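The values are calculated or read from the model by the stated rules, or taken from the named source; none is laboratory data. Bear in mind that the values here come from a model prediction, so they are computed numbers and not experimental data. Don't worry about glycine lacking a Cβ; one is built from the backbone with ideal geometry, like all the others, and counts go over all protein chains shown.
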Amino acid sequence: MSEQKDVLLRVDGLKMYFPITQGIVVQRHVGDVKAVDGLTFDIHQGETLGLVGESGCGKSTTGRAILQLYKPTAGQVIFEGEDITAMRGESLRKMRRRMQMIFQDPYASLNPRMTVGNIVSEPLEVHSLFNGKERREKVKELLDVVGLNPYFVNRYPHEFSGGQRQRIGVARALALNPDFIVCDEPISALDVSIQAQVINLLEDLQQEFGLTYLFIAHDLSVVRHISDRIAVMYLGKLVELTTRDELYANPMHPYSQALLSAVPIPDPVVEEKRQRVILEGDVPSPANPPKGCNFCTRCPKAFEPCYETEPEFKEIESGHWVACHLY
Amino acid sequence: MARLLEVNNLRTQFFTQDGVVNAVNGISYTLDEGETLGIVGESGCGKSVGVMSLIKLIPTPPGKIVEGSVIFNGENLIDMSDGEIRSVRGNKIGMIFQDPMTSLNPVLTIGRQIQEALELHMGMDKAQSKARAIELLELVGIPSAADRINDYPHQFSGGMRQRVMIAIGLSCNPQLLIADEPTTALDVTIQAQIVDLVKKLRDDLGMAIIWITHDLGVVAGLADRMLVMYAGMIVEEAPVKELYANPSHPYTVGLLGSLPRLDQVSGEKLDSIEGLPPDLIDLPKGCPFHARCKYRIEKCFTENPPLKTIGVGHKAACWIDVTKDPITTERPYQEV
Ligand SMILES: Nc1ncnc2c1ncn2[C@@H]1O[C@H](COP(=O)(O)OP(=O)(O)OP(=O)(O)O)[C@@H](O)[C@H]1O
Ligand SMILES: Nc1ncnc2c1ncn2[C@@H]1O[C@H](COP(=O)(O)OP(=O)(O)OP(=O)(O)O)[C@@H](O)[C@H]1O
Ligand code: SF4
Ligand SMILES: [Mg+2]
Ligand SMILES: [Mg+2]
């Protein structure tokens, strides 16, 4: 069924390395942080693809490289059939309008010296859309859409709560009528009671405007709630990708299994009966990933080939992709 | 089990330029030996200030414990001199603080930081404290502890540093361990490691624990009893299973309803608690939750409900009964 959906965005062999240099006068290139190391996946029109994984595994870097906020080291990002990594100048600028990002930290991502109105209208100005009065109307409309009183246009970010600031970020991202939004942990910095407000808002907007989301988070409960499909990332690589229900019912990669079993469930009766997969050891550095499978240093099921060769990311069952030697 | 701790009408305020911050507003609870108490509530509701007040770790000025007593092993900690309370902290009462990155000293080795408390409180010499530090690091699962004891904090990962903090918290075999959001900054797989470890140590050593968190998932598998705080007050208290099965304060009901759960079919809308917590400088009249409460009635605007018993070990501070009374509004109240 998933094959029949239209592909909006295809990521093919995406790599993003950050060089490590040494020396003050002459900078020598001594290695790379392999933040994103060869990702291949599709995002379907109108879906929410969840991207989960531990801190530092490369989720934000993936989002930024897709939006061309970083120049990828290798690979292609194909948006509606066109490779945007090859685009320059005006055509890239036009394409960027259709792809937006909501950032991890609502406290740091809004300019404290700009009013809410200016923050939301800035993208319209940059792309010279609408004139004075129309633009002000558009801003009020956007604030209304995200559930903020349009009367707030002249206030500054510090006068708002975390949840309200995140709504301002959403209004700004919506200003250019994008098709695709990367939501980079949009609720992690918010209080539990406020998180649900923002999740509900994102879901309503998706319905209303037919948006496609890449939803980055480390909280699997939230990702399960909002996603149609989920990609699990570990140390710069995808280890599993499948539908949300399949991932939960039948996680195949040992890392996904450990991750799911580690998520606490707010119910003492369930918690009492749960069996945990407790991982030993710490996460290796992306500057020095282990030989073979990236997960072999912590994997409870590792066997010989895991220490030798890298497992291929392949479709084990229809629509269920896994990178593991067990399959 | 014998009573270990009794907190009576504890009230802590901060005297700031903007006014008096009512951080903790007369909270009372007890804790038995070997018992684990979870404290939940949203950011700024007074969880940290509440437990810091127990051991008088409130910066003064601007802070002040203005009222109440804390009876620990029969003695009132609030009346103790600085010297006396210092000999309790890190000794009979161990602590793990909210931020593992800033609570370790970057220029001291891991070993030195653990040994310090041992030498101060237990009167150990260097050799003894070193042997015990290695033992503690092994206990919290640091491999080749004898070598790593000479490392500096930056050479440890986040999860390892948090385990060092736990080792320090446990170093003097405390009767009570206060853990303030000890796993919030960590990834779930590492968090599961730590929770597992703390449970094992609790069962082996028989200490009581106060575990503060805003994550209702983590405490579910750990606590015996729970306190829910709102605006510096306790709004609900119950045995852990009772709290999750029959939440009785509208805030607790909202909090549990707003959580997406990994084990439940999704797709439905989450219940969200609209509005914001009140300003602690200018606490509203009536129930502190009334502005956001879906069940509020006239009385909620004028009178603050007392914490009263509603079941076995179950208390709530609310004028209505959420199991019987209807929802009266969906919208937060706005002052005009
Ligand atoms: N500009 C940069 N220069 C060098 N290294 C970087 C840069 N940005 C990210 N990295 C490194 O790349 C890796 C992946 O980082 P990234 O921010 O993508 O992780 P993440 O999965 O988003 O983590 P988190 O959940 O903590 O946000 C990390 O090791 C990080 O230190
Ligand atoms: N030094 C201080 N000066 C003034 N106000 C303070 C000070 N320390 C804490 N407060 C205030 O006391 C209130 C309670 O803070 P506390 O740190 O106990 O919250 P918390 O429940 O632990 O929140 P979090 O979940 O964010 O850690 C807050 O409103 C805070 O702003
Ligand atoms: S006392 Fe009133 S306002 Fe407060 S929680 Fe109960 S019903 Fe809501
Ligand atoms: Mg990130
Ligand atoms: Mg705190």
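Regarding segment B:264-274, can at least one residue be identified that is under 28 Å from B:Pro239 (Cα atoms), away from ligand 1 (no atom under 16 Å from the Cβ) and in contact with a strand residue (DSSP E or B) (Cβ under 6 Å, 6 or more places away or on another chain)? The answer is no; no qualifying residue exists. Set side by side, the residues A:Thr40, A:Thr62 differ, and just one is surrounded by 19 or more Cβ atoms within 10 Å (Cβ to Cβ), modelled with pLDDT of 95 or more and in contact with a strand residue (DSSP E or B) (Cβ under 8 Å, 6 or more places away or on another chain), which is A:Thr62.
Checking the structure you have, find out if any residue of segment B:327-335 is assigned to a loop (DSSP other than H, G, I, E, B), at pLDDT below 95, over 22 Å from the mean Cα position of the chain (by Cα) and within 16 Å of ligand 2 (Cβ to nearest atom). Looking for residues that are assigned to a loop (DSSP other than H, G, I, E, B), at pLDDT below 95, over 22 Å from the mean Cα position of the chain (by Cα) and within 16 Å of ligand 2 (Cβ to nearest atom), one finds none in segment B:327-335, hence no.
Cβ separations smaller than 6 Å between residues 6+ apart or across chains give the following pairs from segment A:20-48 residues that are in a strand (DSSP E or B) to residues that are surrounded by 17 or more Cβ atoms within 10 Å (Cβ to Cβ) and modelled with pLDDT under 90: A:Val33/A:Pro286; A:Lys34/A:Pro286; A:Ala35/A:Pro286.
Which of the residues that make up segment B:276-289 are at pLDDT 80 or above, of a type outside the set (Asp, Glu) and under 24 Å from the mean Cα position of the chain (by Cα)? Quick ask: steps written out before the conclusion?
Taking segment B:276-289 as the starting set, the residues that turn out to be at pLDDT 80 or above are B:277-289.
Of the ones still in play, those that are also of a type outside the set (Asp, Glu) are B:277-278, B:280-281, B:283-289.
Correct list: B:Pro277, B:Pro278, B:Leu280, B:Ile281, B:Leu283, B:Cys287, B:Pro288, B:Phe289.
Quick test for you: out of B:Ser272, B:Ser248, B:Ser258, pick the one residue that is away from ligand 4 (no atom under 16 Å from the Cβ), modelled with pLDDT of 95 or more and buried (at least 19 other Cβ atoms within 10 Å of the Cβ).
Details: B:Ser272 fails: modelled with pLDDT of 95 or more; B:Ser258 fails: modelled with pLDDT of 95 or more.
Of the residues listed, the single one that is away from ligand 4 (no atom under 16 Å from the Cβ), modelled with pLDDT of 95 or more and buried (at least 19 other Cβ atoms within 10 Å of the Cβ) is B:Ser248.
For the structure I just gave you, tell me whether B:Cys287 is over 19 Å from B:Val240 (Cβ atoms) and part of a loop (DSSP other than H, G, I, E, B). It is true that B:Cys287 is over 19 Å from B:Val240 (Cβ atoms) and part of a loop (DSSP other than H, G, I, E, B).
Quick check, is A:Gly89 more than 18 Å from A:Ile194 (Cα to Cα), in contact with a Lys or Arg (Cβ under 9 Å, 6 or more places away or on another chain) and modelled with pLDDT of 85 or more? So A:Gly89 does not fit the description; no.
Working carefully through the options A:Ala249, A:Ala258, A:Ala231, find the one that is away from ligand 5 (no atom under 16 Å from the Cβ) and under 15 Å from the mean Cα position of the chain (by Cα). Please lay out each step first, then the result.
Values: A:Ala249 fails: under 15 Å from the mean Cα position of the chain (by Cα); A:Ala258 fails: under 15 Å from the mean Cα position of the chain (by Cα).
Exactly one residue qualifies, and that residue is A:Ala231.
In the set (1) modelled with pLDDT of 90 or more; (2) touching a strand residue (DSSP E or B) at 6+ places or on another chain (Cβ under 6 Å); (3) of a type outside the set (Asp, Glu), the condition left unmet by A:Lys71 is number (2).
Kindly evaluate A:Val170 against the criterion of being among the aliphatic types (A, V, I, L, M), crowded, with 21+ Cβ neighbours inside 10 Å, within 25 Å of the chain's Cα centre (by Cα) and not in a helix (DSSP H, G or I). No. The requirement of being touching an Asp or Glu at 6+ places or on another chain (Cβ under 9 Å), free of Cβ contacts under 8 Å to residues at least 40 places away in the same chain and more than 21 Å from B:Thr30 (Cβ to Cβ) is satisfied by B:Ala146. Considering segment A:193-216, the residues that are surrounded by fewer than 24 Cβ atoms within 10 Å (Cβ to Cβ) and among the hydrophobic types (A, V, I, L, M, F, W, C) include one that is nearest to ligand 2 (Cβ to nearest atom), namely A:Ile199.
Taken as a whole, the condition of being closer than 22 Å to A:Gly147 by Cβ and among the β-branched types (Val, Ile, Thr) does not apply to A:Ile216.
Only residues that are part of a loop (DSSP other than H, G, I, E, B) and touching a residue at least 40 places away in the same chain (Cβ under 8 Å) were counted in segment A:178-187, giving 4.
Looking only at segment B:290-315, which residues are among the small types (Gly, Ala, Ser) and touching a helix residue (DSSP H, G or I) at 6+ places or on another chain (Cβ under 8 Å)? Walk me through how you get there before you give the answer.
Applying the first criterion (among the small types (Gly, Ala, Ser)) to segment B:290-315 yields B:291, B:311, B:313.
Passing the criteria: B:Gly311, B:Gly313.
Any chance segment A:137-156 includes a residue that's closer than 30 Å to A:Ser55 by Cα and assigned to a helix (DSSP H, G or I)? No, segment A:137-156 contains no residue that is closer than 30 Å to A:Ser55 by Cα and assigned to a helix (DSSP H, G or I). For segment A:40-64, a residue qualifies if it is farther than 17 Å from A:Val222 by Cα, more than 9 Å from ligand 1 (Cβ to nearest atom) and of a type outside the set (Ser, Thr, Tyr), and the qualifying residues are A:Phe41, A:Asp42, A:Ile43, A:His44, A:Gln45, A:Gly46. The residue that is modelled with the lowest pLDDT, among those in segment B:170-210 that are of a type in the set (Gly, Ala, Ser) and within 16 Å of ligand 5 (Cβ to nearest atom), is B:Ala185.
Taking the conditions (1) modelled with pLDDT under 95; (2) surrounded by 23 or more Cβ atoms within 10 Å (Cβ to Cβ); (3) closer than 25 Å to B:Cys287 by Cβ in turn, B:Thr213 satisfies each one other than (2).
Being more than 10 Å from ligand 2 (Cβ to nearest atom), of a type outside the set (S, T, N, Q) and buried (at least 22 other Cβ atoms within 10 Å of the Cβ) is the filter here, so list the residues in segment B:32-53 that pass it. Full working, then the answer.
Step one: filter segment B:32-53 for residues more than 10 Å from ligand 2 (Cβ to nearest atom), giving B:32-38.
Okay, now just the ones that are also of a type outside the set (S, T, N, Q), so B:32-35, B:37-38.
Passing the criteria: B:Leu37, B:Gly38.
Scanning segment A:297-318 for residues that are crowded, with 18+ Cβ neighbours inside 10 Å and part of a strand (DSSP E or B) yields a count of 0.
Mind telling me which of the residues B:Ile297, B:Ile281, B:Ile327, B:Ile320 ends up being among the β-branched types (Val, Ile, Thr) and crowded, with 18+ Cβ neighbours inside 10 Å? Steps first, answer last, please.
Values: B:Ile297 fails: crowded, with 18+ Cβ neighbours inside 10 Å; B:Ile281 fails: crowded, with 18+ Cβ neighbours inside 10 Å; B:Ile327 fails: crowded, with 18+ Cβ neighbours inside 10 Å.
B:Ile320 is the lone residue from the list that is among the β-branched types (Val, Ile, Thr) and crowded, with 18+ Cβ neighbours inside 10 Å.
Residue-level check: of (1) of a type outside the set (Val, Ile, Thr); (2) surrounded by 23 or more Cβ atoms within 10 Å (Cβ to Cβ); (3) not in a strand (DSSP E or B), B:Glu236 misses just (3). The lone criterion from (1) within 13 Å of another protein chain (Cβ to nearest Cβ); (2) within 13 Å of ligand 3 (Cβ to nearest atom); (3) in a loop (DSSP other than H, G, I, E, B) left unmet by B:Lys269 is number (2).
Among (1) more than 10 Å from chain B (Cβ to nearest Cβ); (2) of a type in the set (Asp, Glu); (3) within 15 Å of ligand 4 (Cβ to nearest atom), where does A:Asp219 come up short? Tallying (1) more than 10 Å from chain B (Cβ to nearest Cβ); (2) of a type in the set (Asp, Glu); (3) within 15 Å of ligand 4 (Cβ to nearest atom), A:Asp219 fails exactly one: (1). I'd like to check something: does segment B:197-206 contain any residue that is buried (at least 22 other Cβ atoms within 10 Å of the Cβ), within 11 Å of another protein chain (Cβ to nearest Cβ), touching a Leu at 6+ places or on another chain (Cβ under 9 Å) and not aromatic (Phe, Trp, Tyr)? No, the conditions are met nowhere in segment B:197-206. Select from segment A:177-195 the residues that are at pLDDT 85 or above and either more than 16 Å from ligand 4 (Cβ to nearest atom) or within 10 Å of chain B (Cβ to nearest Cβ) (or both) and write down the one among them that is nearest to B:Ser258 (Cα to Cα). So the residue we want is A:Phe180.
For segment A:96-122: of the residues being in contact (Cβ under 8 Å) with a residue 40 or more places away in the chain and assigned to a helix (DSSP H, G or I), which is nearest to ligand 3 (Cβ to nearest atom)?
Of all residues in segment A:96-122, those in contact (Cβ under 8 Å) with a residue 40 or more places away in the chain come to A:97-107, A:109-116, A:119-122.
From what's left, assigned to a helix (DSSP H, G or I): A:97, A:116, A:119-122.
Details: A:Arg97: 46, A:Val116: 30, A:Ile119: 34, A:Val120: 34, A:Ser121: 39, A:Glu122: 40 Å.
That would be A:Val116.
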